[in-house]
Amino acid sequence: MNVQTIQQGVVLVSKVVCQQWVKMRCFMPRRSRIADEVDKQGTYQLSRLMRPDDANIAGNVHGGNIFKMIEEAGCIVGTRHCNQQNGERCLAALVRVEKTDFLAPMFVGEVASVTAEISYTSKHSMEVQVKVVAENILTGARKLASKAAVWYVPLSMQDVGRIVEVPPIKYASAEQEEEGRKRYDAQKIERLEKTAKIEEIVPPPADPERHTVGFSQHSLIHLVGPSDCTLQDYVNGGVTMKLMDEAAGLTAFRHCKTNVVTASVDVINFHRKIQKGCVVTVTGRLTFTSNKSMEIEVLVDASSLMEEEKGKYRAASAFFTFISLDKFHKALPVPPLKIEGEEEQRRFDEGKARYLQNKAKRLADKQRQQ
């Protein structure tokens, strides 16, 4: 595909996106573009119309923008739950995102409805289950676009950084509480293991060979400003996730040179908080490719702009899975990753193990549903 063909495609997609956006503006009253509601205790729903600035040039809504909505809904329901009693005021802070599945693409002009519900509480943390439904308001068609489980801890507003206690929720049954406790124990162990295995990033060679790790490795640098932060001057978790998705997307695009979209995210671990005024470096590097998917490890490092002597530290890490799409949104084959060295081979083997494990889990879930 030559440059002229790509430019013509971009122009065509842009025209279609703009036409659809104009139609939606005509059909929708101003107030309905952003709405939210609280249905019952421990549940929150947020709705928003997807606009051209939420999407890529192909009209697909960025996974990073979906992440921001998921985090926002989870933060609101968690903060409200923890402040329902008289006592010390607090703000729910994101500490971990479990495996997130992007089940169907979302497009400009569709309405995203994000529902967040607290599913488990420990003494100092809470699990929130989040679902994202996309609706075509012209036809009424609805589809489950994404789902995730996210963990929050309540941080004191008076003594920033101190974790306060979480009010318990009422469970429908003892079995539901026990299942939640098992998930809590599992994520706690995995988070500690991941923190102990933090690795350094190796810069790519000056002239890397095509389809190698170094060829597609990409870094974004972002200065954290007030608009990126919570009320406590720490970076909003949704902002970090959006940057991570962008870095992973650029890495995937460099490898495939096609339209790429987020298919899933294994786990996002937030190791340390990022304060206002920090410089954040987000790096994506390929670890594994299958026939029609690619795994990208994303590492987030932060350093204080005013206190350089404190050095750089690892703030977050995750594994993203991307797929390559043609103009009809059908999956394309992914070029095989060329491995160079023992470390790349080790990461490739670990990525393959995760791929096979997730594939087996999907098949098991599908059989249970039948």
Residue identified as within 22 Å of LYS352 (Cβ to Cβ) and open to solvent by less than 40 Å² (accessible area, probe 1.4 Å) among VAL298, VAL235, VAL279, VAL239: VAL298
- prompt: Pick from region 311-321 the residues that are small (Gly, Ala, Ser) and either touching a helix residue (DSSP H, G or I) at 6+ places or on another chain (Cβ under 9 Å) or outside any loop (DSSP other than H, G, I, E, B) (or both): which of them is farthest from HIS255 (Cα to Cα)?
  reply: ALA315
task: State whether one or more residues within region 198-221 are crowded, with 22+ Cβ neighbours inside 10 Å, closer than 27 Å to TRP151 by Cβ and not assigned by the TED database to the domain that holds HIS62.
output: no
query: Quick one: would you say ILE189 is at pLDDT below 95, open to solvent by 70 Å² or more (accessible area, probe 1.4 Å) and part of a loop (DSSP other than H, G, I, E, B)?
result: no
query: What number goes with the only condition from (1) touching a His at 6+ places or on another chain (Cβ under 7 Å); (2) within 26 Å of ARG362 (Cβ to Cβ); (3) of a type outside the set (S, T, N, Q) that GLU165 does not pass?
result: (2)
- prompt: Can ILE118 be described as touching a strand residue (DSSP E or B) at 6+ places or on another chain (Cβ under 9 Å) and assigned to a loop (DSSP other than H, G, I, E, B)?
  reply: no
field: Test: LYS359 is within 25 Å of THR212 (Cα to Cα) and either loosely packed, with under 11 Cβ neighbours inside 10 Å or without any contact (Cβ under 8 Å) to a residue 12 or more places away in the chain (or both)
entry: yes
query: Pick from GLY225, GLY238, GLY311, GLY277: which is within 26 Å of LYS188 (Cα to Cα) and either small (Gly, Ala, Ser) or at pLDDT 95 or above (or both)?
result: GLY238
message: Looking at region 322-333, can you tell me whether even one residue there is touching a helix residue (DSSP H, G or I) at 6+ places or on another chain (Cβ under 8 Å), at negative phi and among the β-branched types (Val, Ile, Thr)?
response: no
Set GLU110, GLU88, GLU98, GLU135: member being open to solvent by 10 Å² or more (accessible area, probe 1.4 Å), within 21 Å of THR262 (Cα to Cα), in contact (Cβ under 8 Å) with a residue 60 or more places away in the chain and over 18 Å from the mean Cα position of the chain (by Cα): GLU110
statement: Listed by first then second residue, the pairs whose first member lies in region 266-279 and is closer than 21 Å to PHE102 by Cα, whose partner is in a loop (DSSP other than H, G, I, E, B), with beta carbons under 7 Å and at least 6 positions apart or on separate chains, are ASP266/LYS99; VAL267/GLU98; VAL267/LYS99
query: Does PRO167 satisfy the condition of being open to solvent by less than 20 Å² (accessible area, probe 1.4 Å) and out of contact with any strand residue (DSSP E or B) (no Cβ under 6 Å at 6 or more places or on another chain)?
result: yes
field: Subset of region 243-253 (residues that are surrounded by fewer than 22 Cβ atoms within 10 Å (Cβ to Cβ) and either of a type in the set (Gly, Ala, Ser) or in contact with a Gly (Cβ under 9 Å, 6 or more places away or on another chain) (or both))
entry: GLU246, LEU250
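The values are calculated or read from the model by the stated rules, or taken from the named source; none is laboratory data. Being a predicted model, the structure only gives us computed values, none of them experimental. Backbone-built Cβ (ideal geometry, glycine too); neighbour counts: all protein chains shown. Accessible surface is based on the protein model in full, side chains and every heavy atom, while ligands, DNA and RNA are left aside. Shrake-Rupley method; radii C 1.70, N 1.55, O 1.52, S 1.80 Å.
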